[in-house]
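Presented below is the structure to which this report refers.
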Amino acid sequence: MNCGSSKGFSVCSYSNGAVTEKITFSNDTMSTATTANATYFRGEPGGLSDAESKAYFGGGATSGLPPYESVAVDKIVASTEVASALAAGGNMSVGRARYAAMSDAGV
C-alpha cells in the first residue's frame with residue numbers, strides 16, 4: 001500500500017504474529033513498523049491507500065478450524081505509522097480473504 005511518494009506498507013500475519021513491513025522508497029529499505037501492526041492476527045488481507053496519508057487493509061483468514069474470513073478493517077496513518085481498527089461501520093459487509101483492492105487516488 002503506497003502512502004504518498006515516500007513510503008509503503010506490507011501487512012501479513014500468521015504464526016509469526018501481526019507484522020507490518022515498511023518500505024522507504026528513497027533508499028529501497030525495508031523495516032518493521034511495529035506501531036503499524038494489524039490489530040489482530042489474520043493472513044491474506046487485501047489493502048489500498050489514498051496515496052497521501054492513509055492506508056487500509058482488511059479481511060483475511062483468521063486462525064482456527066475451520067479458518068474464518070474476517071470483516072475487520074484497519075487503518076494506518078502514514079505520518080505516525082500507527083494502525084487502528086475502524087469502528088464497526090467501517091467493516092466489510094462480508095468476510096473475505098485472498099482478494100484484490102484498488103483506489104482512484106490521484107486520478
Q. If you stretched the chain out fully between residue 88 and residue 21, how much longer would it get, using 0.36 nm times the residue separation minus the C-alpha to C-alpha distance?
A. 21.6 nm
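With a 10 Å radius around each residue's Cβ, average the other Cβ atoms per peptide and rank 88-101, 46-59, highest first. Don't jump to the answer; show the numbers that get you there.
Numbers: 88-101: 12.3, 46-59: 20.0.
Packing proxy ranking, top to bottom: 46-59, 88-101.
Taken together, the values in this text are just the output of simple stated rules run on the coordinates, not laboratory data. Computed from a prediction, not measured in an experiment: that's the story for all the values here. Reconstructed Cβ throughout: ideal geometry from the backbone, glycine too, with neighbour counts over all protein chains shown.
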